[in-house]
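The values are calculated or read from the model by the stated rules, or taken from the named source; none is laboratory data. From a predicted model like this one, the values you see are computed outputs, not experimental measurements. So basically every Cβ, Gly included, is an ideal-geometry build from the backbone, and we count neighbours across all protein chains shown.
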């Protein structure tokens, strides 16, 4: 949507160096920007791309303004400012309210007049869909669930049952919320299923990635607090509790009954075993797994960078023979 | 469903200490139980929660009965007993038989009169749906497949084709059964696809987690024996054979043509490489991967617990320099 | 489809030892082959199964022909030859062109007359479906996307939006292409979403596994070049670029903005961190993760084979105490 640089500066309270009547109408990266593009410089590794950019304007820090050949928005956090301005310059497509004729909505379900229920959506008994909610095609919402105001289920999302959420949550395709936890009791005749009778409670402003699964609680609920961000293909087991504004990158897995604090960051394919407590402000490196309570905020790691295979094989062989080396040192010490 | 403690004791053959006419009508954890809740104590770590519980009754071992302030069911395995009683106290919602008007069932498919085919379900040519089976909304069953009696596909499940199964299996949303295996042959022009022509054979009482995938065999079938339990986001490649009552926690991956024995337990994000044989009664720790035949039952491990990153970095640096340390010891030995 | 051995030999230009009028009508593994089965011997580990096979014919190398008790096709690459012949002997089921009456196609979308749009499929605004494309049941194609000629979406596939692809691509069930990347900016009020405005560009002859996700770019596009093969449950983050004919086995994850070269092979559950460049012809071992630029083709590894848990625990304990061992050696050296 075309918008003048002056209006952007005013709306977001940031300093503009350049013509306020110039117009941005789209976003681009620094090297690909055209004279209508808004772009940003948040990371010094892209500084070399700044002098040749042809953008309408660059969002950047004061220290980088001199090197900018075009208009500049000055602010302390260019990435966050870009996020806000991009939402205005490239707004989400409008979705018309109403229930598509191929959708199937249970008689006891309630759908806000302003909500959009897409093609082939199914809404179960006693569930409710909030104001301005958008339920994308192919999504299934089971019984006894609450989709909050302004929530968006992009497409093919499954809300199994007994799931409640606040406002403005986003669920990407293939996400499954409220599936049975992995509860099995061994008997002489093999496993018997332990009924999974809890629900899932999700706060406001939560975003859940594609094909991520969040299981319902066994008895009490699984809880995802406000502002949590889960990337794709994550696995949140039953009775996990994730604190507000914690973010987990793709393929992270949290085993059952573990409590994660607020503002934690889990890098890709990391995780935690079950039944532990992790305090606020913990950062877990890629592919590391927490195995016991964490009571001290900080950064935790446990994985090896890949090296050339022959070198790795030698390193492992030495590792496997450490016991023998220790014996040799003991012998020398005697 | 309200039921008297006396009736539960009689039905499941376990000793009741307390008023047989008292009624349970729901389940709860020990601390959250109300005077209508059934609860259990299976793990001594929850013993401190017992004295203050307000439950209708607690399922526990004889040794814990004295500390129980309310009625008690005495048994040897409270967790399994809870699983059985909970199924009675909180029964699955009844599902009406019949084919939903938005479902699309191929002319050559057969559907038992007692089966439920939900909204927007698609059933392919020559497939059959057994007695009392429940096919949840959005599920797609391709051609030439057999859904056994009392099986349940919760919602948005995909049975691709040539999949057969026994009775009482459960498939959680997003599960994909019978997708093509990863068969590719390199040629001068790049990969060519190797047609995947086997099927998937699943036994009785199998449960498959949300977004788990089980590939069809390349030529012969992929086989999942009776009572197998797979959690969410697991990956079973083509021609894998999983023995009866083996359980795999979330994110476990088994590569192609590997045979896993009976009663094995794979912890979260563990796995096995392809073309190996794993005997019965093997336990694999979280994030460990089996890389060769396992012929001795037991527990296998291979991952490091996360530690503070600076400490981890030092440990890795020492590991990388083990060769130099060995040389120094050699020199000392001379 | 029954076909004479002579016709197969002629069509694929390979030598036949045996009766050209004999007929193959199906495929099987060496031990399970019947007198109508085509089979192959590509791997010497199966040589012991050759003498007793009852196949119609075995595709094998010249060196193995003498041991073959039945007809033999002689070629240099039996696995690739099998792939080609199997496609003829067991052809894909024909799919009728046309749009199923339960499909929902936007007015501004275009669908080739020869394409098949299955039951409950949804096609969004301004998207186009190419000649002979097959869109399986339950699939959702969002707006502004291009499904190339002869592409196949098996079932329940989600193409979110702004996805383009070449010809002959295959997408297995549950695959999600074009979902939002994981872009979040931290602010005093918690995370704000960074709009994901790029698309996904996919080449020709790409195959994407079940429940694999490929995110749209943040600003520029995510790119998957010709002939790429991704197995199930892989995660390709925003702005990743994967070179032609690279193959990734199940559960592989590539973090954002990483560029992978051509003809790379990623074994199961391997991956790469974000913002790195990996050259052509790199092989990554199972569960290894690349953490920095790779400029030398070759094989890279980083994981430990599982061993008996008690042994592993000792090995880890020695690893954790390496610093103390080094001190002891230092003391000896003094």
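A few remarks follow.
- Lone unmet requirement of (1) surrounded by 23 or more Cβ atoms within 10 Å (Cβ to Cβ); (2) within 9 Å of another protein chain (Cβ to nearest Cβ); (3) closer than 20 Å to residue C:249 by Cα for residue B:209: (3)
- Residue C:220 fulfils the conditions (1) under 28 Å from residue A:176 (Cα atoms); (2) more than 10 Å from chain B (Cβ to nearest Cβ); (3) assigned to a loop (DSSP other than H, G, I, E, B) except for a single criterion, (1).
- When residue B:196 is tested against the conditions (1) under 29 Å from residue A:210 (Cβ atoms); (2) part of a strand (DSSP E or B); (3) more than 7 Å from chain C (Cβ to nearest Cβ); (4) more than 23 Å from the chain's Cα centre (by Cα), the lone failure is (2).
- Among the residues of region A:169-193, those identified as modelled with pLDDT of 95 or more, in a loop (DSSP other than H, G, I, E, B) and within 10 Å of another protein chain (Cβ to nearest Cβ) are A:172, A:173, A:174, A:175, A:180, A:181, A:182, A:183.
- In region C:60-93, the qualifying residues are those that are in contact with a strand residue (DSSP E or B) (Cβ under 7 Å, 6 or more places away or on another chain), in a loop (DSSP other than H, G, I, E, B) and within 18 Å of residue C:25 (Cα to Cα), and the one that is farthest from the other protein chains (Cβ to nearest Cβ) is C:70.
- Residue selection: residue A:157 satisfies the criterion of being within 9 Å of another protein chain (Cβ to nearest Cβ), within 21 Å of residue B:251 (Cα to Cα) and more than 13 Å from the chain's Cα centre (by Cα).
- Qualifying position, being surrounded by fewer than 18 Cβ atoms within 10 Å (Cβ to Cβ) and part of a loop (DSSP other than H, G, I, E, B), among C:275, C:245: C:275
- Scanning region C:204-226 for residues that are within 27 Å of residue B:160 (Cβ to Cβ) and more than 14 Å from the chain's Cα centre (by Cα) yields C:215, C:216, C:222.
- Some residue of region B:173-195 being out of contact with any helix residue (DSSP H, G or I) (no Cβ under 8 Å at 6 or more places or on another chain), under 22 Å from residue C:157 (Cα atoms) and touching a residue at least 60 places away in the same chain (Cβ under 8 Å): yes
- Top-ranked residue of region B:51-62 - restricted to ones that are surrounded by fewer than 23 Cβ atoms within 10 Å (Cβ to Cβ) and touching a helix residue (DSSP H, G or I) at 6+ places or on another chain (Cβ under 8 Å), ranked as farthest from residue B:88 (Cα to Cα): B:51
- The residues of region A:248-265 that are assigned to a strand (DSSP E or B) and either within 11 Å of chain C (Cβ to nearest Cβ) or under 27 Å from residue C:272 (Cα atoms) (or both), listed by number, are A:248, A:253, A:254, A:260, A:265.
- The number of residues in region A:66-89 that are touching a helix residue (DSSP H, G or I) at 6+ places or on another chain (Cβ under 8 Å) and closer than 15 Å to residue A:46 by Cβ comes to 2.
- Residue C:283, sole failed condition from (1) within 19 Å of residue A:320 (Cα to Cα); (2) outside any loop (DSSP other than H, G, I, E, B); (3) within 11 Å of chain A (Cβ to nearest Cβ): (1)
- Among the residues making up region A:279-307, those that are exposed (fewer than 14 other Cβ atoms within 10 Å of the Cβ) and within 27 Å of residue C:273 (Cβ to Cβ) are A:292, A:296, A:298.
- Whichever residue in region A:227-240 is more than 7 Å from every other protein chain (Cβ to nearest Cβ) and either in a loop (DSSP other than H, G, I, E, B) or out of contact with any strand residue (DSSP E or B) (no Cβ under 9 Å at 6 or more places or on another chain) (or both) and, among such residues, is farthest from residue A:165 (Cα to Cα): A:234
- For region C:104-123, residues that are farther than 30 Å from residue B:182 by Cα and in a loop (DSSP other than H, G, I, E, B) total 5.
Each row is one residue, and each column tells you yes or no for (1) modelled with pLDDT of 95 or more; (2) surrounded by 15 or more Cβ atoms within 10 Å (Cβ to Cβ).
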{"site": "C:69", "(1), (2)": "yes, no"}
{"site": "C:82", "(1), (2)": "yes, yes"}
{"site": "C:85", "(1), (2)": "yes, yes"}
{"site": "C:92", "(1), (2)": "no, no"}
{"site": "C:98", "(1), (2)": "yes, no"}
{"site": "C:104", "(1), (2)": "yes, yes"}
{"site": "C:116", "(1), (2)": "yes, yes"}
{"site": "C:122", "(1), (2)": "yes, yes"}
{"site": "C:127", "(1), (2)": "yes, yes"}
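- Scanning region C:314-331 for residues that are surrounded by 14 or more Cβ atoms within 10 Å (Cβ to Cβ) and either over 30 Å from residue B:281 (Cβ atoms) or more than 8 Å from chain A (Cβ to nearest Cβ) (or both) yields C:316, C:320, C:321, C:322, C:325, C:326, C:328, C:329.
- Qualifying residue in region C:40-47 (condition: surrounded by 18 or more Cβ atoms within 10 Å (Cβ to Cβ), within 14 Å of another protein chain (Cβ to nearest Cβ) and in a helix (DSSP H, G or I)): no
- Selection count where residues are surrounded by 12 or more Cβ atoms within 10 Å (Cβ to Cβ), more than 19 Å from residue A:77 (Cβ to Cβ) and either without any contact (Cβ under 8 Å) to a residue 40 or more places away in the chain or more than 32 Å from the chain's Cα centre (by Cα) (or both), scope region A:1-23: 8
- Here residue A:333 clears all of (1) in contact with a strand residue (DSSP E or B) (Cβ under 9 Å, 6 or more places away or on another chain); (2) at pLDDT below 95 except the condition numbered (1).
- Contact map, region B:292-306: first residue within 14 Å of chain A (Cβ to nearest Cβ) and outside any loop (DSSP other than H, G, I, E, B), second residue surrounded by fewer than 22 Cβ atoms within 10 Å (Cβ to Cβ) and at pLDDT 95 or above, Cβ cut-off under 7 Å, separation 6 or more or different chains; pairs are B:301/B:285; B:301/C:309; B:301/C:312.
- Reported count of residues in region B:97-131, each being within 14 Å of another protein chain (Cβ to nearest Cβ) and at negative phi, is 21.
- Taking the conditions (1) surrounded by fewer than 23 Cβ atoms within 10 Å (Cβ to Cβ); (2) under 21 Å from the mean Cα position of the chain (by Cα); (3) in a loop (DSSP other than H, G, I, E, B) in turn, residue C:201 satisfies each one other than (3).
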